[in-house]
Amino acid sequence: MLKTNNIREDLGLFNQIVDIFLQDEIAHPVSQNIKPEDLPKKLDLSLPESPTLDEDFKISLKKLILSTPKSSSRLFFNQLFGGRHSKGVLGDLLAVMLNNSMATYKIAGPQVAVEKEIIKKVCEKIGYSKNAGGTFPTGGSMSNFMSMIIARDKKNNQIKDKGFKDNFTAYTSKISHYSVAKNASFCGLGKENVRYIPTNDLGQMDVKILENQINEDLNNGLIPFYINATSGTTVLCAFDNIDEISKLAKKYDLWLHVDGAFGGSVLFSDKYKHLIKGVENSDSFCFNAHKTLGVPLSTSILVVKNSDKLQQTFSNKASYLYQTHDDEYNLGYSSFECGRRNNALKLWVLWKSVGSIGLEQMIDHEFALAQYARDYVKNNGNYKLYSAHDSMSVCFNYKNYDPQDLCKKLYEYNKLMVGYGNFKNISFVRLVTINSQNSNKEIDSFFKILEQFCEEHDDKIKKIN
Ligand SMILES: *Cc1c(COP(=O)(O)O)cnc(C)c1O
C-alpha cells in the first residue's frame, strides 16, 4: 500500500516539530555535538526497505532535527550566517510550496518580476545605470565564478568556443575568499595564473603592488583580465579600496568584480556605504543576503553593470525550454543553472515587509554589536584585539590560550559555536556579529561563557607563547 502523501497533515507535523525546535533553541542554544563515528549509535538514519511506522517516523525526525547544530541560536557565532529573520523564513517556505523554476516566465510568472525588482533596486543603490542586470546564483562562490567567466569572455569572446590560447592572469588579495582559486581552475584559467596581492595591516589589497604586478605580467606577454576586490574579507571583514582599484582596472582595461559576499550589504546603510565607495565604477558586484540579513541559505545576488555581458556569456539556445516570452523575462538566459530555485522571494518578502530602512537598521545594528564587542576586548587587559574599527568581525585572543584549541574545546563541550582565523601568521578567535537578532546581552554572555570555560578547563586548553 502507498504511504499517505498529505500536505496538510505533514504541515501540521512540521508545525509540531518546529514548535519543539524553537523551544529547544532557547533551552539548549548549542546542540550536543555528536562525533561522526557515534552517529549510528545516537540516531537511526538507516533507510529501510519497508515503510516506517508513523510513530517511529515522527520520533526519528524530531531526534534528527534536535541533534543538528543550531545555526540560529544566540550562541552561534561560527559562520558568516546566523540567526533568522522570520520574514525571510516565511518567504522561503512559500517558495518551497510554489516550487517554480526561475528559468522561464512561463513557469515562474510574477516571480520573475520579484527577482528583477530586487536586482533593479540593488543596482540603483550601488549606482549602476539602467543597462545593468543580474541574477541569483547559488552563493557567493558561484557569483564570483560567474563574474570571472564574464570577464574572460569580455577580454576574448573566442575562448568559450576554442578554449584559452593565451596566458591570462587574474588578481586578488592574499586574504580573499578561496573560491577565487577554485574558480580559476573551473574556468580553465588555472590556479597558478591568479596573483595574490599582499595587503596592508588593515587587510586591504596593496594597490601599488597590484599595479606593479600587472605591469610585470604585461611585460612578460601575459594578458591581465580580471581583478577581484573584496568588500568584507572572510576573516577580518576588511574592505579593499574599490575607488583606487577601479582606476587601475580602467587604466589597464581589466574587469573589476567586487566580492561583497560578506560585507557588500553595507549598500543599505548610509553610515557604512562609504566602505564600498567607488563600487559604481566596478563591472560586477555580489553580496550574500543570507550572511548579514538573516534570510535562509542561500541568497546571493550578482549584479553586472552591462547586462548584455551577462547574457552573452550565459545564454544558450534551448528550444525545449524557451517557448514563450521575450528573452528579458526568461531568466534562464542569464543564469548558470537550468532548473533554478527561487531564491529571490525570501529576500523580497523581508524587504517588502521592513523596507530598505529596516535592512539599513539591521546592518547598522550589526556594526554596533561589533563595536560593543571591540570595546569589551579593548577595555579588558586579558584580551588582545586584531580587528579594525569598521568591521563586523572581531578578532581577538584571550590570555595565552591557543585560539584553535579553545574554539575546538568550546564546541566539544557544547558551550559555544565560534571559529578562529589567521592573518599575517597570527591566529585568533573570530567573533562575527552578523545576527541582527542579538543584542549587547548576547555579546556579554559570549565573553562570559568563554572566560568561565577557560577558568574551569585551564589545564586542558593548549597555550601559546
Ligand atoms: C562567504 C564568502 C564567499 C562565499 O559565499 P558562499 O555563498 O558561501 O559560496 C565569497 N566571498 C567572501 C568574501 C565570503 O565571505
(message) Can you go through Ala370, Ala344 and tell me which one is surrounded by 17 or more Cβ atoms within 10 Å (Cβ to Cβ) and either among the acidic types (Asp, Glu) or in the same structural domain as Leu310 (by TED's automatic domain parsing) (or both)?
(response) Ala344
(request) Go through region 327-351 and count every residue that is free of Cβ contacts under 8 Å to residues at least 24 places away in the same chain and acidic (Asp, Glu). (result) 2
(message) For a quick check of your reading: which helices (runs of 4 or more DSSP H) sit entirely within region 115-201 and have at least 2 residues that are of a type in the set (A, V, I, L, M), within 16 Å of the ligand (Cβ to nearest atom) and in contact (Cβ under 8 Å) with a residue 40 or more places away in the chain?
(response) 140-155
(message) Residues to consider are Ser46, Ser73; find the one that is crowded, with 16+ Cβ neighbours inside 10 Å and either over 31 Å from the mean Cα position of the chain (by Cα) or assigned to a loop (DSSP other than H, G, I, E, B) (or both).
(response) Ser73
(message) Take the conditions over 14 Å from the mean Cα position of the chain (by Cα), among the basic types (Lys, Arg), in a loop (DSSP other than H, G, I, E, B) and at pLDDT below 95 and apply them to Lys317. Does it pass?
(response) yes
(request) Name, by its number, the condition in (1) in contact with a strand residue (DSSP E or B) (Cβ under 8 Å, 6 or more places away or on another chain); (2) farther than 30 Å from Val418 by Cβ; (3) of a type in the set (A, V, I, L, M, F, W, C) that does not hold for Val30. (result) (2)
(request) Could you give me the residue pairs with C-beta distances under 7 Å whose first residue belongs to region 10-30 and is more than 20 Å from Ser71 (Cβ to Cβ), whose second residue is at pLDDT 95 or above and of a type in the set (D, E, K, R) wherever it lies, and which are 6+ apart or on separate chains? (result) Leu13/Lys58
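Condition check ((1) touching a residue at least 12 places away in the same chain (Cβ under 8 Å); (2) under 19 Å from Asn183 (Cα atoms)) across all residues:
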| residue | (1), (2) |
| --- | --- |
| Lys251 | no, no |
| Phe285 | yes, yes |
| Val295 | yes, no |
| Val303 | yes, yes |
(request) Could you grab me the full set of residues in region 310-338 that are within 18 Å of Gly134 (Cβ to Cβ) and touching a Cys at 6+ places or on another chain (Cβ under 8 Å)? (result) Gly332
(request) Pull up region 240-262, narrow it to residues that are within 11 Å of the ligand (Cβ to nearest atom) and aliphatic (A, V, I, L, M), then point me to the one that is nearest to the chain's Cα centre (by Cα). (result) Ala261
(message) Considering only region 308-319, I want to know if a residue exists there that is in contact with a strand residue (DSSP E or B) (Cβ under 6 Å, 6 or more places away or on another chain), among the aliphatic types (A, V, I, L, M), within 19 Å of Asp259 (Cα to Cα) and crowded, with 16+ Cβ neighbours inside 10 Å.
(response) yes
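Answer yes or no: is there a residue in region 289-306 that is farther than 26 Å from Ala103 by Cα, among the small types (Gly, Ala, Ser) and either in contact with a His (Cβ under 7 Å, 6 or more places away or on another chain) or within 16 Å of the ligand (Cβ to nearest atom) (or both).
Step one: list which residues in region 289-306 are farther than 26 Å from Ala103 by Cα, which gives 292.
Okay, now just the ones that are also among the small types (Gly, Ala, Ser), so none.
No, region 289-306 contains no residue that is farther than 26 Å from Ala103 by Cα, among the small types (Gly, Ala, Ser) and either in contact with a His (Cβ under 7 Å, 6 or more places away or on another chain) or within 16 Å of the ligand (Cβ to nearest atom) (or both).
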(message) Checking Tyr105 against (1) among the hydroxyl-bearing types (Ser, Thr, Tyr); (2) farther than 29 Å from Leu11 by Cα; (3) buried (at least 16 other Cβ atoms within 10 Å of the Cβ), only one condition comes out false. Which one?
(response) (2)
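The values are calculated or read from the model by the stated rules, or taken from the named source; none is laboratory data. Given the structure is predicted, the values throughout are model-derived calculations rather than measurements. Counting neighbours? That spans all protein chains shown, and the Cβs are built from the backbone with ideal geometry, glycine included.
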